[in-house]
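Note sheet for the following structure.
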Protein chains: 2
Amino acid sequence: MPTEPSYGEGRQSLVDAAIAVVAESGLRNLTYRSVARRAGVSHALVAHHFGSRDSLLVAAVERALERSLDEAPLEDSGGLERWGQALARSVATHPDLHAFQFEMALEARRNPEFQPHVERLYEAYRSATRRALRRHGIDDPAMAQIAFAALDGLVFQQVVLGHESWTRDGVRALRRLLAHVVGV
Amino acid sequence: MPTEPSYGEGRQSLVDAAIAVVAESGLRNLTYRSVARRAGVSHALVAHHFGSRDSLLVAAVERALERSLDEAPLEDSGGLERWGQALARSVATHPDLHAFQFEMALEARRNPEFQPHVERLYEAYRSATRRALRRHGIDDPAMAQIAFAALDGLVFQQVVLGHESWTRDGVRALRRLLAHVVGV
DNA sequence: TCACAATCTATCCATATGGATAGTTTGTCA
DNA sequence: TGACAAACTATCCATATGGATAGATTGTGA
């Protein structure tokens, strides 16, 4: 059950609640009342702070990026295996955050308002992957792209199927593959 | 505008309409009325044929698998590059079918009723990838897994961002990577 | 302390929804 | 041709929703 936020923390609670509700129940069940219930506030506060459901979601995507920056070492990804295993751990400890991001990626397809925000999210992960590869002397954009796609696919499948070990094994296999290109 | 289906085709129209509505507007907008409107029938027919929204979705996933089997050469995937490029083409010509599948994958996470159906879908794609790799003499499950994850990631990004060329480039890079393992 | 703005709640309202119900239409078979 | 079941429509109903509105609460600064 949600504890009621302190006075003035309502807005922030609604943003975090939006991420949780979407991850747990899908975008379908994100209503003014469901998110307010989760945040422990009145549903009219959604309209007050955000004016619309879409604006709430924009704020939630920004928040997800913030939390991702805290969570996975996007800024200091280390080498490929460290980066990949950090992703697996992040998904295992915060599956909802990642599920939310995938939900919003699909939604961005349908609603242009979300596109810049979702692209910023994607770019953060892509950059981290490029950085990780560069640590191994790989500077080929095509290699970075396929490595990122592989990690994206592994993470999506971990979110959907819940097998962290699959991601870890997959990261190892990716590292072995890339080892052929240059010493990884 | 939907043309009304012939008498007796209502059920099938609703199933195909469900895929279209979900892909275009998300699971959130899949209501009895929206899907019926799309199918050109009365909304009461959803309850009549399916009893519930979830049952309609189960039928829709089955239908998606069927259409995927028709669409992409799942049974005869050829080599890796042929399989990968076929996927890119399939996404480009039928983005909605693939978007629907990703939506349902995320939904399966929240609703166990969909899990077996979504896993069957995933397994079809995974098998095709294994088959494609085997054509090149690669029989390592870990390699198959990372190749499938990479394709999954490429396809997801193509659905989300719409760049078919990215998928094609990515497939080429994947083939180059795997060429190091054995001649691809 | 008081005034004010921001935050918040409770409630009302119009509309949309899932689903039930009664009736109509269609196709099949004897 | 008529009976019957399946398919289908139109309509009603109870409930949920987004959003507006009025009032209450809180914090800040003079």
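The values are calculated or read from the model by the stated rules, or taken from the named source; none is laboratory data. Note that the coordinates shown come from a computational prediction; the quantities given were computed from them, not determined experimentally. Here the Cβ positions follow ideal geometry from the backbone for every residue, glycine too, while neighbour counts run over all protein chains shown. Remember, those area values only see protein heavy atoms, side chains included, never the ligands or the DNA or RNA. Shrake-Rupley method; radii C 1.70, N 1.55, O 1.52, S 1.80 Å.
Odds and ends about this structure:
- Of B:V181, B:L161, B:I146, farthest towards positive along the dipole that unit charges on Lys, Arg, Asp, Glu beta carbons give segment B:117-184: B:V181
- Inter-chain shielding of B:128-141 (mean C-beta neighbours from other protein chains, 10 Å cut-off): 0
- Computed over chain B, the ratio Rg/Rh where both radii use C-alpha atoms and Rh is Kirkwood: 1.04
- Between identical copies, the spacing of B:E62 label points, each set 7 Å from Cα toward the C-beta atom, reads 4.6 nm from nearest to farthest.
- On Cα atoms only, tilt of B:164-179 relative to the major axis of chain B in degrees: 40
- With protein chains left intact and a 1.4 Å probe, residues in segment B:12-106 average 36 Å² of accessible area per residue.
- Peptide-level mean, for B:152-159, of C-beta atoms on other protein chains within 10 Å: 6
- Among B:R53, B:R126, B:R63: highest mean-square fluctuation, GNM of chain B, C-alpha pairs under 10 Å: B:R53
- Enclosing the Cα atoms of the protein assembly as shown in their convex hull gives a volume equal to 134 cubic angstrom per residue.
- Placing a label point 7 Å from Cα along the Cα-to-Cβ axis, A:R135 is separated from the same position in the other copies by 3.7 nm, shortest listed first.
- Both radii are taken from the alpha-carbon atoms of segment A:67-140; with Rh as the Kirkwood radius, Rg/Rh is 1.02.
- Calculated label separations, B:S165, copies of the chain, 7 Å along the beta-carbon direction, nm: 4.3
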